[in-house]
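Asks: Before I ask anything, let me first share the structure, which is written out below as structure tokens.
What follows is calculated from the coordinates using simple rules that are stated; it is not laboratory data. This is a predicted model, so every value here is computed, not measured.
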Amino acid sequence: MVTIRKKLVPDAQANKVTYGKGNSKKYIVVHETDNTRSGADADAHARLQANGNSRSASWHYTVDGKEAVQSFEHAWRCWAAGSNKGNNEGIQVEICVNADGNYLKAVQNTAELVAKIMKDEGIPISNVVQHNHFSGKNCPRNMREGKISWSQFITMVKNASGNTQQPKPSTDDDKYRVLTGTYSTKQAAENVQDVLKHRFGWVAYIEPDGDKYRVKTGTFTGMDAAQAGANKIKTAKLAQVTNIVAE
């Protein structure tokens, strides 16, 4: 079963980018992010929403090859489907298409998530629809172009319907930060900070270390999340060395 993690948008921010609560939850609307940049995974999109998305858009879940991250409870009427009916009656699910991700696994994880939502909310599979259903937009684009066909996806959802138990949540509530190795110039540190903030959607700070500089992230809850953050920094080749420090 796909790991589902919550990083909910605060109500004050949610009220700026939704129609408020009252979603009738009749549909599950499947989208793709269309963001192919490396690092544009579920965590990055969830952090973007939590930190205050400047776009007039919002969605309930983002899914990649590792996890599904929930940004809004189902009651919120998010701005994603391109029509009032789709927004007021739909639970919006975005599939990541980042170049450094695993699209097939992301689609499989989305199928498992959709099966769980169907069970939780009593939504029939006939009401699992594409973004295109409500707005005519070519979304989810890769699926519509046959990279994985819509019929294959629906079959995945049906196959996942018998395995929708939610995994046990982590009990590690401690807070951690990731600290990079040193950079010889402040500009180099600022370049890394810019990627962490604007591509990954993270909070990040620059700290002097003698005549050099380090970049420190905002807090992660749990060692697993912090380790995943450190690995992501290394995979993006932003730092050769990272350290995880407790708050």
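Asks: Lysine pairs in the range 175-246 8 or more apart or on different chains: how many have alpha carbons under 18 angstrom apart?
Replies: 13
Asks: Still on this structure, please answer the following. Divide by every residue of the chain the summed helix terms, -39500 (n - 2.57) for each DSSP H run of at least 4, and state the resulting mean residue ellipticity at 222 nm, rounded to the nearest 500 deg cm²/dmol.
Replies: Computed ellipticity for the chain at 222 nm equals -9500 deg cm²/dmol.
Asks: Can I ask one more? Under 24 Å from the Cα of Lys21, which lysines turn up, not counting those fewer than eight places away in the same chain?
Replies: Those lysines meeting the cut-off are Lys6, Lys7, Lys85, Lys116, Lys119.
Asks: Taking 0.36 nm per residue of sequence separation and subtracting the Cα-Cα distance, how much length would be gained by fully extending the chain between Glu121 and Ile154, in nm to one decimal?
Replies: Once the chain is fully extended between Glu121 and Ile154, it gains 10.1 nm.
Asks: Alpha carbon centre of the range 41-117 versus the range 174-247: separation in Å?
Replies: One Cα centre to the other: 25 Å.
Asks: Comparing Lys116, Lys232, Lys26, which has the greatest mean-square fluctuation in the GNM of the chain with Cα pairs linked when under 10 Å apart?
Replies: Lys232
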